[in-house]
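Asker: Shown below is the structure under consideration.
The values are calculated or read from the model by the stated rules, or taken from the named source; none is laboratory data. Only a predicted model underlies this, so the values are computations on that prediction, with no experimental measurement involved. Don't worry about glycine lacking a Cβ; one is built from the backbone with ideal geometry, like all the others, and counts go over all protein chains shown. Note: areas computed on protein heavy atoms with side chains; ligands, DNA, RNA excluded. Shrake-Rupley method; radii C 1.70, N 1.55, O 1.52, S 1.80 Å.
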Amino acid sequence: MHEKLLIADDEKGVVDMLKSYFEMQSYQVYPAYSGEAALSQAAHNPDLVLLDINMPGMDGLTVCERLRDHIACPILFLTARIETADKIKGFMAGADDYIVKPFDIDELGARVAAHLRRENRKQGQSVLRFFSDMTIDYSRRELTIGGAHIALSKKEFDIVELLSVNAGQVFDRERIYELVWGLDGDGSSDTIMEHIRKIRSKFAAVTQHSYIETVWGVGYKWIG
């Protein structure tokens, strides 16, 4: 089965160019020329989303947040904005990467393929781990505590996966950012701290057991 791409940009010429390019690479492409259309096309369950930030009406950040409630596939932003503050907003909304316009189309194709390979490797790992009253199914990306399902965002689960697979190992905030977001140099300690806070809050709603321990002045580690 061909991997499915959702490409959303209000510039029709950009979408049509990318559609033609990726269809030549044997992808199934679902085009969208607005944020609203992108949400509609998401019903096709894409394997990866290319999403412009600066669309009129419903912008890319809003679309990304809405999509993250339902899909876990990589979302790559297409944007001419590269300020760190804008990147952090995008990552907090659930984006996985940024593609800066103007871009080299072959490099874009390579980055799309790399993200899809990483997702396929994750899906190929059928692994269950048990920690106290918690069960983590890494292949299905599901976590339960005492039988109760804990709804985690993609990045929250990625952080839990990183820490739990390496239980006992201490990771500083910059290293967590680098390994989970896959980018170097623009990591935000505040971004990691906020994600950890949300994860702990969700855990605390159903258990008194602490799974993520703060190693003061260093970072975080998983304790079963």
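Asker: Which members of the stretch 129-157 meet the condition of being part of a helix (DSSP H, G or I) and either within 16 Å of Lys221 (Cβ to Cβ) or hydrophobic (A, V, I, L, M, F, W, C) (or both)?
Answerer: Hit for the stretch 129-157 is Phe157, nothing else.
Asker: Got at least one residue in the stretch 147-170 being out of contact with any Ser or Thr (no Cβ under 8 Å at 6 or more places or on another chain), of a type in the set (Asp, Glu), open to solvent by 60 Å² or more (accessible area, probe 1.4 Å) and modelled with pLDDT of 85 or more?
Answerer: no
Asker: Suppose we keep only residues that are surrounded by 15 or more Cβ atoms within 10 Å (Cβ to Cβ) and part of a helix (DSSP H, G or I) within the stretch 180-197. Which one would you say is modelled with the lowest pLDDT?
Answerer: Per the criteria, the residue is Trp181.
Asker: Still on this model: If Lys221 satisfies every condition in (1) surrounded by 14 or more Cβ atoms within 10 Å (Cβ to Cβ); (2) out of contact with any helix residue (DSSP H, G or I) (no Cβ under 8 Å at 6 or more places or on another chain); (3) touching a residue at least 40 places away in the same chain (Cβ under 8 Å); (4) farther than 24 Å from His70 by Cα but one, which is the exception?
Answerer: Answer for Lys221: the failing condition is (2).
Asker: Okay, moving on. Given the conditions (1) at pLDDT 85 or above; (2) part of a loop (DSSP other than H, G, I, E, B); (3) among the polar types (S, T, N, Q), which single one is not true for Gln125?
Answerer: (1)
Asker: Output the number of residues of the stretch 51-78 satisfying the condition of being in a loop (DSSP other than H, G, I, E, B) and either in contact (Cβ under 8 Å) with a residue 24 or more places away in the chain or among the aliphatic types (A, V, I, L, M) (or both).
Answerer: Our first condition is that a residue be in a loop (DSSP other than H, G, I, E, B); within the stretch 51-78, this holds for 53-59, 69-74.
From what is left, the residues that are either in contact (Cβ under 8 Å) with a residue 24 or more places away in the chain or among the aliphatic types (A, V, I, L, M) (or both) are 53-56, 58-59, 70-74.
Of the residues in that region, 11 qualify.
Asker: Quick check on my filter: what residues within the stretch 35-50 are loosely packed, with under 15 Cβ neighbours inside 10 Å and of a type in the set (A, V, I, L, M, F, W, C)?
Answerer: Result: Ala43, single match.
Asker: Of all residues in the stretch 1-31, count the ones that are of a type in the set (S, T, N, Q) and either open to solvent by less than 50 Å² (accessible area, probe 1.4 Å) or assigned to a strand (DSSP E or B) (or both).
Answerer: Looking only at that region, the number is 1.
Quick grid of which residues meet (1) under 29 Å from Ile196 (Cβ atoms); (2) open to solvent by less than 40 Å² (accessible area, probe 1.4 Å); (3) in contact with a helix residue (DSSP H, G or I) (Cβ under 6 Å, 6 or more places away or on another chain); (4) at pLDDT below 90:
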site	(1), (2), (3), (4)
Tyr33	no, no, yes, no
Asp52	no, yes, yes, no
Cys64	yes, yes, yes, no
Arg81	yes, no, no, yes
Gly90	yes, yes, no, yes
Pro102	no, no, no, yes
Arg129	yes, no, no, yes
